[in-house]
Amino acid sequence: MADPAIREQVEQAIRDNDVLLFMKGTPDAPRCGFSMRVAGVLEQLQVEYGAIDVLPALEPLREVTGEISDWRTFPQLYVNGELVGGCDIIEEMFESGELADLVGVEQPQEAAASQPPADEQRPPGQSAPLQVEPS
């Protein structure tokens, strides 16, 4: 059973962020290719989102997300409190325009599910990474 304190932190973060990404690393310094790809999609959409680095509490967060959404791998994207999916699902939804519709933004002209060049600026609305700490 998941730690109740961590579960409450995760549920609160999901409630507090219209778009929330659980990822390995941070948007500025992703620590896995899948997390980098999903962060890149969100940056191309220029949507404001929260990000939680799962690495400091990987196993407890796997337990919590497994209980909440029956999904234990990362990255995970939540929109309006609901799990949307992981990297492959997010990239497919981005390419089809469905993700832009879901998050309420306009689809970029050239939707390419890849990380933007490192010299591109992060959208001004990007929130700072959030931290969930084990108790």
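Only one of the numbered conditions (1) modelled with pLDDT of 95 or more; (2) surrounded by fewer than 19 Cβ atoms within 10 Å (Cβ to Cβ) is not met by residue 109, and that is (1).
Inspect segment 98-106 for any residue being part of a helix (DSSP H, G or I), at pLDDT 95 or above and out of contact with any Asp or Glu (no Cβ under 9 Å at 6 or more places or on another chain) and give the result as yes or no. Step through it out loud before you land on a result.
Pass one, segment 98-106, residues part of a helix (DSSP H, G or I): 98-103.
Filter once more, so that each one left must be at pLDDT 95 or above: 98-103.
Narrowing further to those that are out of contact with any Asp or Glu (no Cβ under 9 Å at 6 or more places or on another chain): 101-102.
Yes; the residues of segment 98-106 include at least one that is part of a helix (DSSP H, G or I), at pLDDT 95 or above and out of contact with any Asp or Glu (no Cβ under 9 Å at 6 or more places or on another chain).
When you check residue 74 against the structure, is it surrounded by 19 or more Cβ atoms within 10 Å (Cβ to Cβ), of a type in the set (Phe, Trp, Tyr), under 13 Å from the mean Cα position of the chain (by Cα) and more than 23 Å from residue 106 (Cα to Cα), yes or no? In short, yes. Condition check for residue 10 on (1) within 14 Å of the chain's Cα centre (by Cα); (2) over 28 Å from residue 109 (Cα atoms); (3) in contact (Cβ under 8 Å) with a residue 60 or more places away in the chain; (4) surrounded by fewer than 14 Cβ atoms within 10 Å (Cβ to Cβ): one failure, at (4).
The values are calculated or read from the model by the stated rules, or taken from the named source; none is laboratory data. Fair warning: this is a prediction, and the values are worked out from it, not measured in the lab. Neighbour counts are summed over all protein chains in view; Cβ atoms, including those assigned to glycine, are modelled from backbone coordinates with ideal geometry.
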